[in-house]
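Rule-based calculations on the coordinates, nothing more; no lab input. Not measured: the values here are computed from a predicted model. All Cβ positions, even for glycine, are placed from backbone atoms using ideal geometry, and neighbour counts span all protein chains on display.
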Amino acid sequence: MTASVERRGSRARVLRGGILLGFAALVAKLFAAGQMSRYMAPALDPLTALTGVALGVMGAMEIAGSRRRERGHGHSSEPFEQLLTYVLVLLPLGLGLVLIPRALGPGALGGESVARLLLAYAPDPTPSQRARPPAPSRPVADTADLLRLLREAGMAGAGQRVRATGLAVRAGGLGADEFALLRYAIAHCVADARPLALLVSAPDTREVTWDRWVEVEGVLAVSERDGTSLVTIAADRVRPVPEPAEPYLGSAF
């Protein structure tokens, strides 16, 4: 009986070690494929890598320990409970190793109106802000640069040439020549993702593929809507682009 218990305990330790090594391999795979940014903010990469190393060490120690004779009596749970536990652990591990992760899309809004997410200028800009559009501190080459310009200049940035990328999304209440450019911002991981949207005015939206990534080039403008001054890109070019390597914005927008 003791030998049988020891064999079961040894097999359990090997299985636990294999699971830990599997999660370490998942972390390594996400880094090697450049997919970790689909889950975690890049600032956490060192900590995430350290976690992967720790999982690998723990897995190796479990497997090495399975060869040692254990003293005492093991407390085994019911076979069904053990099976269910392993299935619940192995299922996300297997999916993570096989599937290619995608960034959050419109489906993550949970039915929230995109029109309510449209970014607006701060109210009541001063006359001096309207009169002296400052030059941006760096070229506005992407959405993060555009948000930086808005923080620095506010409505005075209207008229600047800008470029932004995001998901082209239809929204109720917008005109036939308008759509929303949707992005998500994260502080640590996708669990704390916050959506934001920019209003885009384009001369022709018939060629726009909805719910796909696009790059918009145009001029920063203002659209008055129900007493609110919406941040608007008056686009002269909209073209499809692949999902970027880092699809999420930082939290400070």
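To make sure I understand, if each residue's beta carbon is the centre and we count other beta carbons within 10 Å, what order do E62, E152, E224, E246 fall in, fewest to most? Walk me through the numbers before you get to the answer.
Numbers: E62 19, E152 12, E224 9, E246 15.
If I rank by nearby Cβ atoms, fewest first, I get E224, E152, E246, E62.
Protection proxy ranking of 153-164, 86-97, by the mean of other Cβ atoms within 10 Å over each peptide's residues and highest first, is 153-164, 86-97. Using θ = phi - 60° and the Karplus relation 6.51 cos²θ - 1.76 cosθ + 1.60, list the HN-Hα couplings for segment 80-92 in order, rounded to whole Hz, with x at every Gly or Pro. Values, residue by residue: 5, 5, 4, 4, 4, 4, 5, 4, 5, 7, 6, 4, x Hz. The order of F80, F179, F23, going from fewest to most other C-beta atoms within 10 Å of their C-beta, is F80, F23, F179. For segment 106-240, a Kirkwood radius taken over Cα pairs fed into Stokes-Einstein (25 °C, viscosity 0.890 mPa s) yields D = 161 µm²/s. Annotation: the residues D145, D204, sorted from fewest to most other C-beta atoms within 10 Å of their own C-beta, follow the order D204, D145.
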